[in-house]
Amino acid sequence: MNLQEIVEQIYHESKPFAAGGKVATYIPALARIDPHKFGISLKTIEGKTYSVGDHKEHFSIQSISKVLSFTLAYSQLGADIWKRMGREPSGTAFNSLIQLEHEKGIPRNPFINAGAIVVADILCTLYDSPIEKLLNFANTLSGKANVAYNSEVAASEKSTGHRNYALAHFMKSFGNIHNQVDEVLEVYFHQCALEMCSDTLANVFLFLANGGINPHNSQPILNPSQTKRLNALMITTGLYDESGDFAFRVGMSGKSGVGGGIVAVIPNKLSMACWSPALNAFGNSIADIEAMERFTTYSGMSVF
Ligand code: GLU
């Protein structure tokens, strides 16, 4: 099987689908991105890379960062993390407040905003400089030092983040935020502003295809059981309210962000990162999903 040929074929077949979507407009830095950008990167656990298109261009990974912050917190707390959040799909929007009242400030899962804000709170408790710690962690996972925060995006997230302030204060009223809300959200807004290219994103997530071991330095990040559980969480909750359809169409564990990135993993085989900024109504990149569905179909490789 020629993976480079497959990657190029799915790129050409999926690119036109971006015309049916819209870039995120809630902050200027995302609204001005060219919707025709498209990059695909595939990285195998043997260390081979297959890329096409705008795969070296940096973009805002947004909610994809929730997996990185969660991994860092999970690696330190282990199963105790489930005292602070659940692991069920939410069935509500990523920034919804409704469920939190019924469930007494315990977010359904770490990949809705409420869950990611609790994770940011955990990082504030664990580390003196959680923002730097998260950046170093992402760089260690990438095998290179080419991940950075975009300070314009972080500042815009802050100035428009009213719902995230509401979520954090609401959870604090239930005792599920231990640090100051401003301090916690500073971490959350920065993690949303992490930027990297699809080559790097595929590199960063390769540990999830590699039994939890960072393939760039052979250091364990999560144990095999935790790695299994995190991949399962991504399958069930990684694409907002489209997670079921993504699992059905694509058959990989994935995580999306409103910057237009999606990263997906096939354990023991590979990680794949796509970036096309035009989103569907669920906030997921249309062309990325088309490309990933075609990849598992043409290659015959998937989780299942
Ligand atoms: N930064 C966005 C917010 O917290 C979320 C981004 C995303 O879902 O990718 O509102």
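The values are calculated or read from the model by the stated rules, or taken from the named source; none is laboratory data. In this text, all values refer to a predicted model and were calculated from it rather than measured experimentally. So basically every Cβ, Gly included, is an ideal-geometry build from the backbone, and we count neighbours across all protein chains shown. Just the protein is used for accessible areas: all its heavy atoms, side chains included, with ligands, DNA and RNA removed. Shrake-Rupley method; radii C 1.70, N 1.55, O 1.52, S 1.80 Å.
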Could you list, ordered by first residue, the pairs with Cβ atoms under 9 Å in which the first is in the stretch 251-269 and under 13 Å from Asn210 (Cα atoms) and away from the ligand (no atom under 16 Å from the Cβ) and the second is open to solvent by less than 10 Å² (accessible area, probe 1.4 Å) and part of a loop (DSSP other than H, G, I, E, B), at least 6 apart or interchain? Val265/Phe205; Val265/Met252; Ile266/Gly251; Ile266/Met252
Pair list, Cβ under 6 Å, 6 or more apart: the stretch 43-55 residue within 12 Å of Cys197 (Cβ to Cβ) and part of a loop (DSSP other than H, G, I, E, B), other residue open to solvent by 40 Å² or more (accessible area, probe 1.4 Å) and not small (Gly, Ala, Ser): Asp54/Lys37
The stretch 278-295 residues that are over 16 Å from Met252 (Cα atoms), paired with ones that are modelled with pLDDT under 95 and of a type outside the set (D, E, K, R) (beta carbon under 6 Å, 6 or more apart): Phe282/Tyr240; Gly283/Tyr240
Scan the stretch 63-71 and give yes if some residue there is in contact with a Phe, Trp or Tyr (Cβ under 8 Å, 6 or more places away or on another chain), within 16 Å of the ligand (Cβ to nearest atom) and open to solvent by 50 Å² or more (accessible area, probe 1.4 Å), otherwise no. no
With respect to Asp241, is the statement that it is more than 16 Å from Ile122 (Cβ to Cβ), within 20 Å of the chain's Cα centre (by Cα), in contact (Cβ under 8 Å) with a residue 12 or more places away in the chain and open to solvent by 50 Å² or more (accessible area, probe 1.4 Å) true? yes
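When the residues of the stretch 5-33 are narrowed to those that are open to solvent by less than 50 Å² (accessible area, probe 1.4 Å) and away from the ligand (no atom under 16 Å from the Cβ), which ends up nearest to Asn164 (Cα to Cα)?
Ala18
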Boolean, Leu222 is over 16 Å from the mean Cα position of the chain (by Cα), of a type in the set (A, V, I, L, M, F, W, C) and more than 16 Å from the ligand (Cβ to nearest atom): yes
Residue satisfying all of: in the stretch 77-91; touching a helix residue (DSSP H, G or I) at 6+ places or on another chain (Cβ under 7 Å) and free of Cβ contacts under 8 Å to residues at least 60 places away in the same chain; nearest to the ligand (Cβ to nearest atom) among these: Met85
Give the residues of the stretch 117-133 that are touching a Phe, Trp or Tyr at 6+ places or on another chain (Cβ under 6 Å) and either open to solvent by 10 Å² or more (accessible area, probe 1.4 Å) or more than 12 Å from Ile81 (Cβ to Cβ) (or both), sorted by residue number. Ile117, Ala120, Lys133
Within the stretch 289-304, how many residues are part of a helix (DSSP H, G or I) and either within 11 Å of Phe246 (Cα to Cα) or open to solvent by 20 Å² or more (accessible area, probe 1.4 Å) (or both)? 7
